[in-house]
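J.: I have a structure I would like to understand better, so I am pasting it below and will then ask my questions one at a time.
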Amino acid sequence: MSSSEVIVDTPKGGAISPKGSRCCRVLIIVAEYFEMLQKEQAGISYSKTEARQQTLPLLKNRSNGSVEFKNRNISAVLARMGQPYIRGYLPAYNYQKVLLEDVVLAHLRRKPGIEDVFKRFAEIVPIPRELHFESMVEKMPTKKWFCRNRN
């Protein structure tokens, strides 16, 4: 992925200049996030660590931790929209709303195939786990145990 691939028109009709370094970093991280999300929803194996390592050279002076936290911010944007997000990137809601939300929404508009991912997620019928009630019940303490530990 190169920074020349990321051009964004905002949902409000404006444009985000990919020339701004902070904005460019956000565009790159958002694009990588959605690649991982699509793989996860399709059941394709991927490594968050490997994806981060491939993205880091495109991001000047960013650490693993900062990219990981930005991914959690993207999860928060999607959670607010009622959409699925990557397992393992729990939503972190303290983000710059205008920039990040605009970039995420613009990415969704440019990639209509993402809607299919969201639709498949919404149509999944959860399979309940088999519960064994017997293994959840504890035996009542004996009178002897109760009396000994009372003092």
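The numbers here are math on the coordinates, done by the rules we state, and not lab data. Everything quoted here is computed from the prediction, not taken from an experiment.
J.: Could you work out the percent of alpha carbon pairs in region 65-142 separated by over 21 Å, rounded to a whole number?
T.: Of the Cα pairs, 46 percent sit more than 21 Å apart.
J.: Just to be sure I follow the rule: in region 43-124, considering lysines 8 or more places apart or on different chains, how many pairs have Cα atoms under 20 Å apart?
T.: Number of lysine pairs found: 5.
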